[in-house]
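The values are calculated or read from the model by the stated rules, or taken from the named source; none is laboratory data. Just so it is clear, the model here is predicted, and its values are computed rather than measured. Don't worry about glycine lacking a Cβ; one is built from the backbone with ideal geometry, like all the others, and counts go over all protein chains shown. To get the accessible areas, we keep the full protein, side chains included, count just its heavy atoms, and leave off ligands, DNA and RNA. Shrake-Rupley method; radii C 1.70, N 1.55, O 1.52, S 1.80 Å.
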Amino acid sequence: MIKTKGYAAQTPTTDLAPWNFERREVGPHDVQLKILFCGVCHSDLHQIKNDWFDGIFPMVPGHEIVGKVVKVGGHVKKFKVDDLAAVGCMVDSCQVCVNCKAGLEQYCLEGNTQTYNSEDRSGVPTYGGYSDTIVVREEFVLRVPSSLPLAATAPLLCAGITTYSPLRHWKVGKGHKLAVLGLGGLGHMGVKFGVAFGAEVTVLSTSPSKEKPAKALGAHHFVVTTDKAQVKAARGSFDFILDTVSAEHDMDLYLSLLKTDGTIMCVGAPPDPYSIRPFSLIGARKSIGGSGIGGIPETQQMLDFCAKHNIVSDIEIIGIKDITKAYERMLKGDVRYRFVIDMATL
Ligand code: NAP
Ligand code: ZN
């Protein structure tokens, strides 16, 4: 077994603290990474707080992982020692169902194995990227183009692919009016991709102070959602809304901002169910859809797209000791736009 240093929550009510554990030895199809950086996703906070379901504790969060390959199994073809590599939200899936065959491993009919807070196929808990090393089967390891700055690439593995995938699925681009709801880790990537795909992008935000920064990201317009006059002026104006909000919010209000035939693409995962009035949908043939991360081929495609178009995340690098403070600041929307942990501080 491989001795591993990490940071874990021992229970849903305790702060993260150092915790040592073991990972499996590198098997013939496995790649071992030394983790260099790991992004801090709002899903990490949801999960250590048991917001969604009872988690597996101790829990080592982290699913925006970049690092260097330190060991490969005998059958590994795609990677060699010293390569840069990355791991996102999944580390395994059945590989044979119709969704896996289509490169949609996130929708594996047997359920994919999440990078942490999950059990692998032999029933062993998985532990995430707030740690010094990880062992993952080759199929779930991504290549990192060498032109990308490493720390700012980490958030692409979740915030990046989670916004890239629905925008591609719904073919958002030139001629579309796209609104990005919530300007956090996911939202700011949604703005960058929306602009790169040619859409006219509006940020819908509860934070008036984010107007200038939103425009600096490339957004064309900014609407403060707590300002009634601004919201009224935006009624019926968007083809798509990419909803990245992490907490309860008024879906009927946001549906009213869509054009006829408009769609809300939900990627945010608030703990409580949405409440939606049927007339908000049937009044103008509107739709609500959801999207989870992205499959492995599309994640690689997204990383390559980012390398080609010079897209990375806007980040603030922290030491692992500051993780609890970082969660508090993330909850207040006080980060532009993603914390990334420098794993050398572990
Ligand atoms: P984040 O950085 O905290 O950003 C969330 C943003 O939502 C905030 O910056 C804020 O933006 C807005 N917001 C927060 N509370 C709000 C409220 N009560 N009403 C309206 N707006 C509010 O979080 P994140 O890391 O981007 O994650 C966002 C959500 O996506 C989380 O629920 C996360 O679990 C989920 N997620 C889903 C997937 C997936 O596969 N679908 C993948 C990753 C994450 P403003 O200040 O601009 O209003
Ligand atoms: Zn995430």
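Numbers below:
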item: Matching residues in the stretch 269-322 - criterion: being hydrophobic (A, V, I, L, M, F, W, C) and touching a Cys at 6+ places or on another chain (Cβ under 6 Å); result: Ile293
item: Given (1) within 24 Å of Ile65 (Cα to Cα); (2) surrounded by fewer than 19 Cβ atoms within 10 Å (Cβ to Cβ), number of the condition Tyr127 does not satisfy; result: (2)
item: Scan of the stretch 114-155 for residues that are under 16 Å from the mean Cα position of the chain (by Cα) and in a strand (DSSP E or B), ordered by number; result: Gln114, Leu142
item: Selection status of Leu217, more than 16 Å from ligand 2 (Cβ to nearest atom), surrounded by 19 or more Cβ atoms within 10 Å (Cβ to Cβ) and under 23 Å from the mean Cα position of the chain (by Cα); result: yes
item: Within the stretch 28-49, tally of residues that are open to solvent by less than 40 Å² (accessible area, probe 1.4 Å) and part of a loop (DSSP other than H, G, I, E, B); result: 2
item: Qualifying positions in the stretch 106-124 - more than 21 Å from Gly27 (Cα to Cα) and surrounded by 15 or more Cβ atoms within 10 Å (Cβ to Cβ); result: Gln106, Tyr107, Cys108, Asn117
item: Residue match in the stretch 193-206 (condition: within 15 Å of ligand 1 (Cβ to nearest atom), in contact with a Phe, Trp or Tyr (Cβ under 6 Å, 6 or more places away or on another chain) and in a loop (DSSP other than H, G, I, E, B)); result: no
item: Residue within the stretch 270-292 that is within 16 Å of ligand 2 (Cβ to nearest atom), farther than 20 Å from Arg168 by Cα and either without any contact (Cβ under 8 Å) to a residue 24 or more places away in the chain or open to solvent by 40 Å² or more (accessible area, probe 1.4 Å) (or both) present; result: yes
item: Subset of the stretch 237-264 [closer than 17 Å to Gly175 by Cβ and under 19 Å from the mean Cα position of the chain (by Cα)]; result: Ile241, Leu242
item: Unmet criterion (only one of (1) of a type in the set (Val, Ile, Thr); (2) open to solvent by 10 Å² or more (accessible area, probe 1.4 Å); (3) more than 16 Å from ligand 1 (Cβ to nearest atom)) for Val91; result: (3)
